[in-house]
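Participant: Shown below is the structure under consideration.
The values are calculated or read from the model by the stated rules, or taken from the named source; none is laboratory data. Please read these numbers as outputs of a predicted model, since none were measured by experiment. Every residue, glycine among them, receives a Cβ derived from its backbone with ideal geometry; neighbour counts consider all protein chains shown.
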Amino acid sequence: MKNQLTIDAWPAHASSRFRATNQIYFSPKGHLIHQSAEKSKLPPVNKPRFLEILEARVNKEKAKFRVTEGQPNPLRLQIYREVFTIFIQTCVYYGPLLARIKDEYESYLVHIQDQLKKLQPIRELLWTVSQECENRVSSMHRQENKEIKKLKLEKKALMAQIARLYEEGNSLTCEVEHLTSELEKKADAWRTESDGRKLLVSEVNELTSRLKEMESLARAEVADDSEDPLKLRIALEWVINF
């Protein structure tokens, strides 16, 4: 291909083709002719033949191996590498420099691949550790879910027990209030009965004292009127009736 093709100075060879900026031009007969903006546009410049051949080769190889654009693909890299090699071989003046640039890229890619190979065990170890961590985290989550479920059941049971104790407390409070009221009533009754007993005892003591006094008086009168049985009888009846 190096002996068959020459690299055109594209698009440098078309640098003299400017787009028309006016819409009036001289005809071959020397007349001024008005032309629309669409007609005044110059036709596009065709690509060099060599560039078309390289692009066609790239498209053919990509279609052959079903390579698509997007994510990095080593097969697509190989296709462009081969096309770039052809381009270097065709360049007479820039070929050696481009070849050195390509060699530097290739050397650096080999270096990167070696580094990746060295890092592969570390990547595998990291993957293993990551899987173990995920398994442990999943196990911990399952255990936590079981514990949370157990705690929820215990909480529910405790809440039911608290509600039952609260009801029992309310019942006991009502019973205590009732017993307190009954005790207060009985205390009032006992105080009233005690006061009555004290009053009755006081009255009995007073009557006893008065009775003793009257007996003493009666005895004294009996002693004075021992000769009068009628007076003695009257005094005795009076004491008895009192």
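Participant: Scan (1) modelled with pLDDT under 90; (2) acidic (D, E); (3) surrounded by 11 or more Cβ atoms within 10 Å (Cβ to Cβ) for the single condition E38 breaks and write down its number.
Facilitator: (3)
Participant: To continue, here is another question. Go through (1) exposed (fewer than 15 other Cβ atoms within 10 Å of the Cβ); (2) in contact (Cβ under 8 Å) with a residue 12 or more places away in the chain and name the single condition Q71 misses.
Facilitator: The number of the failed condition is (2).
Matching residues to (1) of a type in the set (S, T, N, Q); (2) exposed (fewer than 10 other Cβ atoms within 10 Å of the Cβ); (3) at pLDDT 80 or above:
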{"residue": "S139", "(1), (2), (3)": "yes, no, yes"}
{"residue": "N145", "(1), (2), (3)": "yes, no, yes"}
{"residue": "K149", "(1), (2), (3)": "no, no, yes"}
{"residue": "G169", "(1), (2), (3)": "no, no, yes"}
{"residue": "E215", "(1), (2), (3)": "no, no, no"}
{"residue": "A223", "(1), (2), (3)": "no, yes, no"}
{"residue": "D228", "(1), (2), (3)": "no, no, no"}
{"residue": "R233", "(1), (2), (3)": "no, no, no"}
{"residue": "I240", "(1), (2), (3)": "no, yes, no"}
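Participant: Let me ask you something else. I need the full set of residues from segment 50-68 which are part of a helix (DSSP H, G or I) and loosely packed, with under 13 Cβ neighbours inside 10 Å, in order please.
Facilitator: Those that are part of a helix (DSSP H, G or I) and loosely packed, with under 13 Cβ neighbours inside 10 Å: E52, E55, A56, N59, K60, A63, K64.
Participant: Would you check if there is a residue in segment 102-117 being of a type in the set (V, I, T) and within 19 Å of Q78 (Cβ to Cβ)?
Facilitator: Scanning segment 102-117, I find at least one residue that is of a type in the set (V, I, T) and within 19 Å of Q78 (Cβ to Cβ), so the answer is yes.
Participant: Kindly provide the set of residues from segment 50-68 that are more than 23 Å from I88 (Cβ to Cβ) and in contact with a Lys or Arg (Cβ under 8 Å, 6 or more places away or on another chain), ordered by number.
Facilitator: T68
Participant: Could you list, ordered by first residue, the pairs with Cβ atoms under 9 Å in which the first is in segment 89-115 and in a helix (DSSP H, G or I) and the second is small (G, A, S), at least 6 apart or interchain?
Facilitator: Pairs that qualify, where the first residue is in a helix (DSSP H, G or I) and the partner is small (G, A, S), are Q89/G95; Q89/A99.
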